[in-house]
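The values are calculated or read from the model by the stated rules, or taken from the named source; none is laboratory data. For clarity, every value in this text was computed on a predicted model and none was experimentally measured. FYI the Cβ positions are ideal-geometry reconstructions off the backbone, even for glycines, and counts take in every protein chain you see.
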Amino acid sequence: MQNPFYGYGRIRRGGEFVGRHREVKRLTDYLASCSGNLGVIGEHRVGKSSLVRAVQDRVIASNGNPAFAWINLAVVPDSVLAFQEMVTELIQSFQDRQLKLPEVLKHLSDTNPSNGYEAYQRCRRALIGLRKAGIDSLVVMDEFDAVRSFEDSSAFIQRLRELIDHRDITGLSMVFISRRSLIAIERQLAGVSNLDGVCQKHFVKPLDAAGVEEMLGRCGDAWQVSQEDKALLLWYTGGHPYLAEMILCHGWDDRSVVAGFDASLSEILDHYRRLRNLLEEDKLFDQLVQATVGPHWSLRLEDVERLVQYGIMRRIPVPEGGHRFQAWSGHFQEFLEKCAREKPVWDLWRETETGLRDLIESVYTEKSGQNWQSILRKRHEKSLGEMFSKCESAMAKEQKNFGLSASDRLLDYTYPMDLWTMISVEWQHFRDILDRDKKYWGERFSLLAKIRTPIAHSRESIPEHDLTAAQSYCQELLACINEWHKNR
């Protein structure tokens with residue numbers, strides 16, 4: 001049997017389309033019955049286009065012979081060509097099915113508009129002509145985020161709104177596929193919502209366990225995937241169809257999810273980086289790390305809801321009541337925790353944490369040599385043994401999950417109280433540098449640990465006075481560290 005997962009990432013149709021059956025039915029009923037408009041939103045390669053293709057096929061089958069068009073806005077340079085492409089695709093939909101072309105389309109196919117308004121009017125006449133002939137039109141605009149690059153993007157969106165607002169005349173229904181919500185796109189352009197209010201929103205999230213099980217059904221008898229491998233696939237991917245197919249494709253020859261993951265790691269990390277870049281552009285990555293890793297010092301409710309709607313994170317109930325937030329997969333959650341260690345969301349603490357790690361490494365290397373970690377551990381096994389073991393386990397796990405991109409410096413896996421323990425066990429080396437007594441700094445590190453430790457409940461927030469105090473403690477620590485560097 002040939003590998004059934006070749007071509008992962010492309011639009012899946014027919015038997016290759018799995019899961020989402022309730023979504024397909026609901027969206028098909030919506031478009032077919034009330035002829036409304038849809039905004040289909042979801043992150044990169046989560047299956048938006050495959051879902052809409054399945055819906056489009058069913059709408060066409062149930063509505064007889066409507067005209068339809070599929071336009072990828074990412075490859076269309078401007079609004080003139082976008083409207084031209086709509087007309088061209090509508091014509092092509094008749095020719096492909098060997099249907100008689102309405103006269104209005106024959107005439108309009110020979111005209112070439114010179115600007116956006118002429119192109120809009122030409123498209124409008126085509127739609128009206130089709131409507132008069134008893135033919136409705138369904139137009140899908142994929143990669144709608146690309147509209148932001150149009151010079152006349154605001155006017156283009158307004159003209160689309162005019163076409164769908166007057167459906168009784170144009171017969172037009174539209175589906176917009178995008179990574180951002182329509183309102184987020186429109187806010188970046190003009191701050192006015194023209195499409196968001198007239199489109200039902202549907203957020204495409206990763207597949208559930210049943211959808212992944214259906215995907216595994218494509219293996220047939222050639223690979224009987226064990227329950228352990230199924231659970232591992234869900235942990236790695238959270239049901240993300242692109243990532244799941246990627247791992248299964250690369251694991252096919254060995255019939256192993258672990259082997260598939262190992263072969264896919266660089267591509268998975270590339271996917272995470274693309275998602276991170278997109279979220280950073282929208283100022284959402286900081287919010288995602290705060291919500292899923294902590295601490296929650298500046299969470300914005302609107303952004304939290306967007307991340308949940310996008311399916312990038314989920315609400316997880318906790319036994320004592322309330323909930324916490326978790327990334328859509330166990331592996332992506334660990335990626336976010338790795339990002340938080342590398343670049344905590346609070347820049348001042350990031351600088352302080354980095355400074356403390358460098359200070360500890362420099363002082364102990366100077367006192368005990370390059371093998372200082374082993375020496376320190378032997379001297380203070382009771383105080384440091386468990387902490388070192390925890391850091392070693394975290395490092396080994398990260399190296400397994402993220403390969404060469406994982407840090408091989410043990411100190412990078414420490415938290416505030418770990419750093420304080422390493423300082424306090426041989427306080428004599430740090431007393432003059434920190435310029436205060438042990439009790440003074442012990443209290444301050446306790447507060448910093450409270451601030452830095454992930455918070456479990458989204459309803460919790462850090463009191464303003466604690467934040468203010470923590471900021472001043474960081475500044476005080478940095479002043480001590482900088483003074484030490486200056487006097488070396």
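Number of residues in segment 105-119 that are closer than 21 Å to F94 by Cα and either outside any helix (DSSP H, G or I) or in contact with a Cys (Cβ under 8 Å, 6 or more places away or on another chain) (or both): the value is 4. When residues in segment 34-50 are screened for being assigned to a helix (DSSP H, G or I) and buried (at least 20 other Cβ atoms within 10 Å of the Cβ), 3 of them pass. Residue selection: S79 fails the criterion of being among the hydroxyl-bearing types (S, T, Y), surrounded by fewer than 20 Cβ atoms within 10 Å (Cβ to Cβ) and touching a helix residue (DSSP H, G or I) at 6+ places or on another chain (Cβ under 9 Å). Among residues that are surrounded by fewer than 18 Cβ atoms within 10 Å (Cβ to Cβ) and not hydrophobic (A, V, I, L, M, F, W, C), E353 is not included. Of the residues making up segment 13-33, those that are more than 13 Å from V55 (Cβ to Cβ) and either buried (at least 17 other Cβ atoms within 10 Å of the Cβ) or of a type in the set (F, W, Y) (or both) are V18, G19. Within segment 230-267, being buried (at least 24 other Cβ atoms within 10 Å of the Cβ), among the aliphatic types (A, V, I, L, M) and within 18 Å of the chain's Cα centre (by Cα) holds for L243, A244, M246.
Only one entry of L163, L108, L101 meets the criterion of being under 17 Å from N37 (Cβ atoms) and either in contact (Cβ under 8 Å) with a residue 60 or more places away in the chain or among the aliphatic types (A, V, I, L, M) (or both), and that entry is L163.
What number of residues in segment 297-315 are more than 16 Å from P206 (Cα to Cα) and free of Cβ contacts under 8 Å to residues at least 60 places away in the same chain?
Of the residues in that region, 6 qualify.
F68 meets each of the listed conditions (1) surrounded by 15 or more Cβ atoms within 10 Å (Cβ to Cβ); (2) outside the structural domain of G171 (by TED's automatic domain parsing) apart from (2). For the condition among the β-branched types (V, I, T) and without any contact (Cβ under 8 Å) to a residue 40 or more places away in the chain, V80 qualifies. Looking at segment 373-426 only, could you name the residues that are in contact with a Phe, Trp or Tyr (Cβ under 9 Å, 6 or more places away or on another chain) and outside any helix (DSSP H, G or I)? Of everything in segment 373-426, those that are in contact with a Phe, Trp or Tyr (Cβ under 9 Å, 6 or more places away or on another chain) and outside any helix (DSSP H, G or I) turn out to be S407, E426. All of R53, R122, R58 fail the test of being closer than 19 Å to S178 by Cα, basic (K, R) and assigned to a helix (DSSP H, G or I), apart from R53.
Looking at segment 5-51, which of its residues are of a type outside the set (K, R), farther than 14 Å from P206 by Cα and touching an Asp or Glu at 6+ places or on another chain (Cβ under 8 Å)? Within segment 5-51, F5, Y8, S35, G39 qualify. Evaluate the following for E186: is it out of contact with any strand residue (DSSP E or B) (no Cβ under 8 Å at 6 or more places or on another chain), surrounded by 21 or more Cβ atoms within 10 Å (Cβ to Cβ) and of a type in the set (D, E)? In short, yes. When segment 109-129 is filtered for residues that are out of contact with any Ser or Thr (no Cβ under 6 Å at 6 or more places or on another chain), more than 17 Å from R167 (Cα to Cα) and buried (at least 20 other Cβ atoms within 10 Å of the Cβ), only A119 remains.
Applying the condition of being over 28 Å from the mean Cα position of the chain (by Cα) and crowded, with 22+ Cβ neighbours inside 10 Å to segment 130-155 and asking which residue is farthest from N37 (Cα to Cα) yields L130. Exactly one residue among R306, R276, R300, R324 is farther than 27 Å from A146 by Cα, among the basic types (K, R) and out of contact with any Asp or Glu (no Cβ under 8 Å at 6 or more places or on another chain), and that residue is R324.
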